[in-house]
Amino acid sequence: MTAESVPAPTSGRSCLAIVLAAGEGTRMRSARPKVLHAIAGRSLLGHVLTAVHDAGGTMTAVVVGPDAEPVAAEARRALPGAEIFVQAERRGTAHAVLAARGALARMPDDVLVVFGDTPLIRPQTLARMRDALAAGAALVVLGFRPKDPTGYGRLLLDRGELVAIREERDASAVERAIELCNGGLMALAGRTALKILEQIGNDNSKGEYYLTDAVAIARAMGGKAVVIETEEDDVRGINTKAQLAETEAALQQRLRQAAMDAGVTLVAPETVFLSSDTKLGRDVVVEPFVVLGPGVTVEDNAVIRSFCHLDHAHVGKGAVVGPYARLRPGAHLKDDVHIGNFVEVKQAVIETGAKANHLSYIGDATVGAGTNVGAGTITCNYDGVAKHRTEIGRNAFIGSNSALVAPVKIGDGAYVGSGSVITHDVPADALAVGRGRQAIKEGWAKRQRELKPAPKKKTPAK
Ligand code: UD1
Ligand code: MG
């Protein structure tokens with residue numbers, strides 16, 4: 001399974017998703033554009049693009065502010081087909097949507113407007129909005145009932161029908177008492193979307209072009225506006241670092257629950273940190289206090305013991321990792337491998353059944369099946385200028401505290417004596433010993449003791 005939400009069913013209709021990401025995010029107090037902050041190992045923008053893709057988005061337009069090349073680059077990385085549109089001036093949400101006029105003019109069946117800073121939106125929720133369009137609505141608004149409605153637009157209903165959305169600063173006292181609020185996200189029927197958006201004016205207290213005015217215009221054109229209600233998490237927007245942390249916590253809860261639902265044992269789920277793309281097999285056991293960064297796959301029955309950190313790593317079936325192990329990018333453990341405490345693995349394939357149980361660094365290496373890497377073994381992969389590879393064959397034995405100076409090859413079935421510094425290739429089935437010879441000096445220690453004066457006797461205290 002993946003820890004992510006399952007893709008929602010698609011209706012077979014074409015769908016343009018417009019992602020608004022032109023906001024400055026000043027309240028984050030950060031040099032980084034807001035939508036490039038990450039939760040669960042993925043940028044906020046990446047989460048939103050994944051959700052629209054999983055909701056069956058066939059075209060995606062990302063609206064960015066001026067000088068936002070890093071945002072555009074992240075959009076293309078997360079969803080290679082994404083088209084970028086620039087909103088040169090921030091003049092409101094409707095103005096931002098119209099920046100993607102070129103995409104709207106292609107008349108998709110469905111248009112989804114989503115915010116780049118609302119990362120927990122689920123594909124199922126977007127799919128429900130699309131279903132309402134398929135059922136004939138001209139416009140669909142995502143409503144929710146926040147614990148504190150301050151700052152949100154209120155949904156004005158008349159006999160169950162959505163009549164208008166009133167921004168808080170333009171609302172009357174009676175309107176402000178309404179609990180049903182606008183989550184901000186909207187779906188529009190593609191055939192009328194552009195006509196509606198072009199009629200939106202900026203006659204309000206902020207002088208901005210409000211997307212929310214689309215409701216009244218759609219109705220005036222004879223279209224039906226509909227509200228779909230959802231949970232607050234779906235529309236949880238991020239404006240501050242504190243909200244970033246709260247949203248991370250909410251997403252971690254979702255990911256842990258999804259992992260357990262799929263048959264993973266999390267001994268203390270609240271202490272395990274997952275990434276959105278984490279893939280955990282059946283009956284994987286994750287002990288307390290483990291961090292799984294992006295790009296991690298753990299196959300069936302493997303055990304990740306306490307205090308491990310994994311990042312872009314693969315753990316094969318039945319393998320045991322940790323406690324206290326670090327798997328860095330490119331660590332690829334085949335089935336039944338054992339990686340023990342204080343072992344770091346980077347850019348290395350560890351073949352089936354091989355073991356490195358204590359205190360080692362294995363980087364830029366291959367370790368053959370059944371090989372035993374003794375405590376304290378170091379692959380010396382870097383000479384200060386370039387990285388070099390260490391290749392260890394099958395069923396080899398590397399004695400404790402050996403330094404394998406790359407580039408170097410250790411043949412199948414070879415032995416390396418403990419404490420060796422290996423600088424030349426070792427043939428298969430050979431023994432290599434590369435250390436100072438042991439010398440014995442008979443009686444040396446005894447003589448040494450005899451040279452020392454006898455210790456003074458302490459005078460007893462009076
Ligand atoms: C909006 C809704 C409000 C709703 C709330 C939910 C409007 C007019 N109001 O208000 O009813 O309750 O979301 O969170 O839509 N953006 C641009 N360019 C712009 C303006 C905004 O890209 O010119 C982007 C922002 O980066 C953000 C999103 O649009 O991602 C929403 O804008 P924001 O200013 O946060 O709208 P709210 O005032 O929160
Ligand atoms: Mg907002």
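Can you run down the residue pairs with Cβ atoms below 9 Å, 6 or more apart or on separate chains, where the first is in region 163-181 and farther than 18 Å from TYR210 by Cα and crowded, with 18+ Cβ neighbours inside 10 Å and the partner is of a type outside the set (A, V, I, L, M) and at pLDDT 95 or above? Cβ pairs passing all conditions: LEU180/GLY143; LEU180/PHE144; LEU180/ARG145; LEU180/ARG154; LEU180/GLU229. Taking the criterion of being buried (at least 19 other Cβ atoms within 10 Å of the Cβ) and not in a strand (DSSP E or B), the residues of region 299-311 that qualify are GLU299, ALA302, ARG305, CYS308, ASP311.
Restricting region 229-261 to residues that are more than 15 Å from ligand 2 (Cβ to nearest atom) and surrounded by 20 or more Cβ atoms within 10 Å (Cβ to Cβ), the residue that is farthest from GLY143 (Cα to Cα) is ALA259. Checked against (1) under 24 Å from LEU251 (Cβ atoms); (2) modelled with pLDDT of 95 or more, ASP148 meets all criteria but (2).
Taken over region 144-162, the criterion of being within 14 Å of ligand 2 (Cβ to nearest atom), surrounded by 15 or more Cβ atoms within 10 Å (Cβ to Cβ) and not small (Gly, Ala, Ser) is satisfied by PHE144, PRO146, PRO149, TYR152.
ASP170 fulfils the conditions (1) closer than 20 Å to GLU232 by Cβ; (2) within 16 Å of ligand 2 (Cβ to nearest atom); (3) out of contact with any Asp or Glu (no Cβ under 9 Å at 6 or more places or on another chain) except for a single criterion, (1).
Table: residues versus (1) touching a strand residue (DSSP E or B) at 6+ places or on another chain (Cβ under 7 Å); (2) surrounded by fewer than 17 Cβ atoms within 10 Å (Cβ to Cβ).
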{"position": "GLY330", "(1), (2)": "yes, no"}
{"position": "ASP335", "(1), (2)": "no, no"}
{"position": "LYS346", "(1), (2)": "yes, no"}
{"position": "ALA365", "(1), (2)": "yes, no"}
{"position": "GLY374", "(1), (2)": "yes, no"}
{"position": "ALA386", "(1), (2)": "no, yes"}
{"position": "ALA414", "(1), (2)": "yes, no"}
{"position": "LEU431", "(1), (2)": "yes, yes"}
{"position": "TRP444", "(1), (2)": "no, yes"}
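Report yes if GLY136 is more than 28 Å from the chain's Cα centre (by Cα), away from ligand 1 (no atom under 14 Å from the Cβ) and closer than 19 Å to MET221 by Cβ, otherwise no. Let's see the steps before the verdict.
Numbers: more than 28 Å from the chain's Cα centre (by Cα): yes; away from ligand 1 (no atom under 14 Å from the Cβ): yes; closer than 19 Å to MET221 by Cβ: yes.
When the stated conditions are applied, GLY136 passes them.
Pairs linking a residue in region 230-257 that is without any contact (Cβ under 8 Å) to a residue 60 or more places away in the chain to a residue that is assigned to a loop (DSSP other than H, G, I, E, B) and within 16 Å of ligand 1 (Cβ to nearest atom), with Cβ atoms under 8 Å and 6 or more positions apart or on different chains, are GLN243/ARG236; GLN243/GLY237; GLU246/ARG236.
Please pick out the residue among GLY92, GLY136 that is on the phi > 0 side of the Ramachandran plot and within 16 Å of ligand 2 (Cβ to nearest atom).
Working: GLY136 fails: within 16 Å of ligand 2 (Cβ to nearest atom).
Checking each option against the conditions leaves just GLY92.
For region 200-215, the criterion of being more than 29 Å from HIS37 (Cα to Cα), modelled with pLDDT of 95 or more, away from ligand 1 (no atom under 14 Å from the Cβ) and not charged (D, E, K, R) is satisfied by no residue at all.
Look at (1) at pLDDT 95 or above; (2) within 15 Å of ligand 1 (Cβ to nearest atom) and you find that GLY222 fails only one, number (2).
Consider VAL111 carefully, then state whether it is assigned to a strand (DSSP E or B), under 29 Å from the mean Cα position of the chain (by Cα) and more than 30 Å from ALA249 (Cβ to Cβ). Steps first, please.
Values: assigned to a strand (DSSP E or B): yes; under 29 Å from the mean Cα position of the chain (by Cα): yes; more than 30 Å from ALA249 (Cβ to Cβ): yes.
Yes; evaluated as a whole, the condition is true for this residue.
Taken together, the residues in region 379-434 that are touching a residue at least 12 places away in the same chain (Cβ under 8 Å), outside any strand (DSSP E or B) and of a type in the set (A, V, I, L, M) amount to 6. Scan region 279-296 and tell me whether some residue there is within 16 Å of ligand 2 (Cβ to nearest atom) and either within 30 Å of SER30 (Cα to Cα) or in contact (Cβ under 8 Å) with a residue 40 or more places away in the chain (or both). Within region 279-296 (the criterion being within 16 Å of ligand 2 (Cβ to nearest atom) and either within 30 Å of SER30 (Cα to Cα) or in contact (Cβ under 8 Å) with a residue 40 or more places away in the chain (or both)), the answer is no, since none of the residues qualifies.
The values are calculated or read from the model by the stated rules, or taken from the named source; none is laboratory data. These numbers were taken from a predicted model, which means no experiment stands behind them. Here the Cβ is made from the backbone with ideal geometry for all residues, glycine too, and neighbour counts use every protein chain on show.
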